[in-house]
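Written below as structure tokens is the structure these notes are about.
Readers should treat all values here as calculations from the given coordinates under stated rules, not as data from a laboratory. This is a predicted model, so every value here is computed, not measured. In this analysis, Cβ positions are derived from the backbone assuming ideal geometry, glycine residues included, and neighbour counts consider all displayed protein chains.
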Ligand SMILES: Nc1ncnc2c1ncn2[C@@H]1O[C@H](COP(=O)(O)OP(=O)(O)OP(=O)(O)O)[C@@H](O)[C@H]1O
């Protein structure tokens, strides 16, 4: 009997995948970017071979209880793609299978680009705003790519049989809600009625006029952390909202925001929950107002989402106002949370001049949102008037790594102040929610536990926005978003960002009311990675850039050993 092994028996699966792609083998892209996964799910973008090895660096290992040794991390040869704590545990096969092979196959293009980015000074890196549906049905001529991907999905969702036929969810970095809604809508409608998992049927849902199902993506909950003295007292949320707006009834939309009151208005952005305009106010020093318009209480789906109610919008208003007020707090202060000038409840059709601005934006940038001409006379809106805070991090070009390094210091301090003041966890701090503007100030000041701290601005100021997923304790009430029923966000891949949602879920043991400032650290780890290998830089060939890039890389090795943003500050500022 011939016992000789076939010629390709020595090859590993990557080699087999590389065979039909000689150009990738030449450039050694796949092996360089994809490493052993330990069968743990991840998005590979920010892999670092040194992740688990604590080598000598300019940053000292922090004196926290979660030191690397205690977590059982010794130098490991094989790096993994995500600096998740889960990966640091001994139970390497605890969670779902890695999409790494699938991911890199899905993302061959992006791996390719990644390599090019360095040489082309990362000029062509604007993320495309779309969800990628990876249809997961095997064709008769099964490619090795689809076999691997199919196997991965099967192992990922062994209990939900119907999921095997669903498309995998690969999202672009940054804003994810719109993509997830589209995907969810498509996929829920793929599933025959009665096959929905109990969890999914639990999500708030609405049936559209076309008979399609829409789910609300997140569910905000406000829970008293102590017993309330009058538990039976019914809260009138409309009255509460009006109180925050300092109004007795809604204003007419067209009158409150008439074109005559606004100088140089334009639409600057959009989210699932609303449209964002910028203008200067007549007869006011406010030259840079951002107006976020959120439809509420209506029955029509907007951008495929169910409109928020008074009850759901109230915590968002409270959180925004409390965080904004931190700029004048005596003990814990920061101006890093977006400055809120005013909140207004308005009623009526969208004013014509705002409709025209919406259309201009659509013409230029192709809006993903529904045309606001859909709103009728009795539609209610909450308008948040915010201070303009610049461009988001994904679109910003840093001068060099020194500037980005100090911006990370600002972000750490902003979160630390939030933790101390309100047990605040942002929980969605992707680069679209970090705004950057130029400043003449030499330093940005903070107060933490009564102590003055400052960070060199290096010419920029950071502002954090979008508290939709945030957790906060205000006046003995804990506001949070319950994501425990919401599996889909946790199977998304496409960026290290999507690992962070899983890491948070593990950290919180899926109890989203828990206060665990470690989630802020997990997002800081993501931001750190983006600053190393994601954002645009103007000058990359200077000594200064290289020195600070090394500092960022050194910080990356230890960041996940901190327990909170305050813990990071203690380390960075020798703060006791
Ligand atoms: N204060 C501000 N200054 C400058 N730009 C802003 C400001 N607030 C919002 N924006 C812009 O508007 C966009 C949408 O805002 P935001 O993220 O708050 O909306 P959203 O409806 O919560 O979005 P999502 O789809 O993530 O739920 C932001 O990405 C940003 O570009």
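Tabulated data for the structure shown
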{"item": "16 Å reach of a label modelled at residue 331, 7 Å along Cα-to-Cβ, counting backbone N of the stretch 457-490", "result": "473-477"}
{"item": "Amide N of the stretch 400-418 lying under 20 Å from the label point, which is placed 7 angstrom from the Cα of residue 443 along Cα→Cβ", "result": "402-418"}
{"item": "Calculated FRET efficiency for the pair residue 261/residue 376, C-beta based, R₀ 22 Å, to 0.05", "result": "0.45"}
{"item": "Extension gain (nm, one decimal) between residue 247 and residue 221, 0.36 nm per residue minus Cα-Cα", "result": "6.9 nm"}
{"item": "Which of 470, 457 has the fewest Cβ neighbours within 10 Å, and the rest in rising order", "result": "457, 470"}
{"item": "Inter-centroid distance (Cα atoms) of the stretch 474-550 relative to the stretch 305-349, Å", "result": "22 Å"}
{"item": "Distance in nm between pseudo-label sites at residue 281 and residue 487 (7 Å out along the Cβ direction from Cα)", "result": "4.8 nm"}
{"item": "Mean Cβ neighbour count within 10 Å, used as a protection proxy, ranking 488-496, 433-441 highest first", "result": "488-496, 433-441"}
{"item": "Relative contact order (%) - criterion: Cα under 8 Å, at least six apart; region: the stretch 334-446", "result": "35 percent"}
{"item": "Footprinting exposure proxy for 530, 557 (fewest neighbouring C-beta atoms within 10 Å first)", "result": "557, 530"}
{"item": "Label-point gap, in nm, between residue 550 and residue 355 - each point 7 angstrom along Cα→Cβ", "result": "6.1 nm"}
{"item": "Residue 363/residue 511 FRET efficiency (R0 45 Å; Cβ-Cβ; nearest 0.05)", "result": "0.45"}
